Amino acid sequence: MRWILAVVLLLAVGFFVGQRVPFVQNRVMDKAIAVQLTNRGHELLEQDALRALLCGTASPLPHPTRAKACVAVYAGGKFWIVDTGPGSWNRLALTGIDASRIGGIFLTHFHSDHIGDLGEFNLQTWAGGRPKPLRVFGPTGVERVVNGFQEAYALDTGYRTAHHSPEFMPPDKAEMLPVVMEDMQDGEQTVVLEEDGLRVLAFNVDHSPVKPAVGYRFEYLGRSVVISGDTAKSSSLEAAAKGADVLIHEAQANHIISRIGDLARQNERPRAATIMKDIVSYHTTPEQAAQSANEAGVELLVMYHLIPPPPIKMMERVFARGVDEIRDDGWLLADDGLLITLPADSDEIEISSR
Ligand SMILES: [Zn+2]
Ligand SMILES: [Zn+2]
């Protein structure tokens, strides 16, 4: 027993002293840098499956680790982004992504928790060697959002070109190109992109008074993923999600939101109480998301854009109260880094995390 204690003590002292020795520090640092420089995300770009990675699962309410709304879809050797919530570039970059392989960005609507990192996505993928300007698809209004971000980043772009040379950081490739989609009727689906075997359709959702607000359906190699954006329970979404493999749906736990509102009132926080009251109407509860998933006949329901984002495991259970009664299997609450892999022409759904 005594020798075990001696070994543990020796290791602890070695670890403590080692961290302060430059030689050891350098070895550890080199190893960590090598891991970062290896493109760990490369296998996600292989053209053998449709993949979706949750790069942000929170909502406007704060959370210590979750970024705000963002989904990365990997298809045709590129990655495509649905919404760029604050913090989402950082979360995606941590997966070791090759920034130059971005295909484009799809915005669902223009609330800040969906667009905050747009400038960052543009800048970082340009700096990472993106060969073309960045396409940003969205409903009417996308041109205004894109132009605003472009202007806000204009000085930064100029500094970097001046610093690294125009050959290395070509200013014309730093641009974003807004692609405005035509207005649609509820229940209608419009093809907004067909490229490298990937087909993307858009459809209206119900986020009133925010109009237009849309969701997207991605189809590739016989597999499909539907992303809701922000919506109250929507029959237009249910129609667009028919038979999809995966539905990534927003969710707001109104039973918790009401509780926050009550406690805010009791604690003399009337602004917070008013906001909690106002937001109840334009999102979907976890139970309603489960109903929509059943209605559409999807295999897997993934809830994201969680309002409020659960801070601990116990709160995830509180959040999803009642869902099991509606859908006893085939659903989960997403965490940042959740990866869903849908191998070509099969029924398999692989779930892992990055
Ligand atoms: Zn919204
Ligand atoms: Zn939102």
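The helix-only estimate of mean residue ellipticity at 222 nm for the chain, built from DSSP H runs of length n ≥ 4 each weighted as -39500 (n - 2.57), is -10500 deg cm²/dmol after division by the residue total. Compactness ratio for the stretch 1-82: Cα radius of gyration over 2.2 N^0.38 Å (N = residue count) comes to 1.81.
Checking the cross-link pairs LYS78/LYS242; LYS31/LYS313; LYS211/LYS242; LYS132/LYS233 against a 30 Å limit on the alpha carbon distance flags LYS31/LYS313; LYS132/LYS233 as lying beyond it. Expressed as a whole percent, the accessible area of the chain that falls on carbon and sulfur atoms is 56 (1.4 Å probe). Taking the Cα of VAL280, stepping 7 Å toward and past its beta carbon, and measuring to each backbone N in the stretch 219-242: which are under 20 Å? Counting only backbone N, you get 231-234.
Summarising the overall dimensions of the chain from its C-alpha atoms, the Rg and Dmax are 22.4, 77 angstrom.
So, for the chain, what is the accessible surface per residue at a probe of 1.4 Å, expressed in square angstrom?
49
Stretching the chain fully between SER100 and ILE351 yields a gain of 87.8 nm (0.36 nm per residue, less the alpha carbon separation). Only protein heavy atoms count here; on that basis, with a 1.4 Å probe, ASP206 has an accessible area of about 70 Å². Which of GLN189, GLN19, GLN266 moves the most in a Gaussian network model of the chain with Cα springs under 10 Å? Looking only at GLN189, GLN19, GLN266, the biggest GNM fluctuation is shown by GLN19.
The values are calculated or read from the model by the stated rules, or taken from the named source; none is laboratory data. Keep in mind that this is a model prediction, so the values were computed, not measured. Using ideal geometry, Cβ is built from the backbone for each residue, glycine included, and neighbour counts are taken over all protein chains shown. Protein only, heavy atoms only, side chains kept; ligands, DNA and RNA dropped before computing areas. Shrake-Rupley method; radii C 1.70, N 1.55, O 1.52, S 1.80 Å.
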